[in-house]
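The structure appears below as structure tokens.
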Amino acid sequence: MKKSLRLTLLLTTLVAGFVSCEKDNPNNNSVGNDPVERVIVYTVGDKENRVSLKTEAEWDNTIDQLCDQVQSGNEISFYNISHATLYQKNKRDGAKESRTIRTANREEIKHWMKEMERQGLTVRVSYDNVSGSWHGEAYATAPVNNTMSTILGTWHFKRTVVSQLDTDGHLYNSNVYEPESNGGSMYYTFSSDGTIALTINSMDGFTATDNGTWTISNDGVLHSELLPNGEYWYVNWITPNTMILSHSNFGTETDSTYYQLHFESITTIDN
């Protein structure tokens, strides 16, 4: 009974905060047209950065700059956190599979990087100076070892993005829910024993907590009963600073819903 009441209070606080902070963001972008806005989070070596791009020309220039960094000896990775304009609904059954490329042609690796971003994947690229070859890997969910070594600690839950997509996978509307817009806040703490703690601070000073469990499947999918909007999530992006999770409800014949969660790290727990 106490458990049920606690969960009810948590959900009430969560929904109240989300509804009050809703921002309606219609998006008329379409692939192949200019401009197409992107928010790219990327790493060069161990440093994480973020850039907002408004046109395809800016995206081309960014790809060139990233390739320059790779040829200088840095491994780079990037992900479009603006819930990609085209989500590959027709490829959802293969979403967990990684895509790889090895080429000596810079233009080929650039084309591949752009195509992987278009499919909503995270991209990682390195360069072998000895052989003069590029190596790229793209994935929908981060490798298990990478997630397990990074997720431990407390994460500040920043926002949920809920997007509607048509039958072709084009984004036509999205809503952003931010617990802190009116003074609330949410924190998740992942522990190495497989437990997770959720703390919600409401806008009126009320604090609620609950505990549960978390697991990572062999194919890298994160599961916890305490995560909102569904229990199973792809780990699209995870660094010591930022974690982006997503999942989809493919719903009806006319549209689908795409959910994305944004977190910022507060602490890291040593193994």
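The values are calculated or read from the model by the stated rules, or taken from the named source; none is laboratory data. Since the model is a prediction, treat every value here as computed from it, not as a measurement. In this analysis, Cβ positions are derived from the backbone assuming ideal geometry, glycine residues included, and neighbour counts consider all displayed protein chains. Just so you know, the surface numbers come from the protein's heavy atoms only, side chains and all, with ligands and any DNA or RNA stripped out. Shrake-Rupley method; radii C 1.70, N 1.55, O 1.52, S 1.80 Å.
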Whole-Å semi-axes of the range 177-262's equivalent ellipsoid (Cα gyration tensor): 23, 19, 12
- prompt: Can you list the residues, at least 5 places off or on another chain, whose amide H is less than 5 Å from the amide H of S82, using H built in the peptide plane?
  reply: V39
- prompt: Between E231 and S181, what is the spin-label point distance in nm, taking each point 7 Å from the Cα along the Cα→C-beta axis?
  reply: 2.9
field: Stretch gain in nm, segment T62-R50, where the contour uses 0.36 nm per residue and the Cα spacing is subtracted
entry: 3.2 nm
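All other residues with a Cβ under 12 Å from the Cβ of R106 taken together, and with Lys, Arg as +1 and Asp, Glu as -1, what is their net charge?
Details: positive: K110; negative: D64, D68, E107, E108.
Once all neighbours under 12 Å are counted, the net charge is -3.
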- line: On the accessible surface of the range 104-196, probed at 1.4 Å with all protein chains in place, carbon and sulfur together account for a percent value of 45
- request: Work through the residues other than T62 whose Cβ is under 11 Å from its Cβ and net out their charges, Lys, Arg +1 and Asp, Glu -1.
  value: -3
task: Considering Cα pairs under 8 angstrom that are at least six residues apart, work out the relative contact order of the range 105-253 and quote it in whole percent.
output: 18
- line: Measuring from its Cα centre, the range 117-271 shows a charge dipole (+1 at each Lys and Arg Cβ, -1 at each Asp and Glu Cβ) which, in debye to the nearest 20, is 280
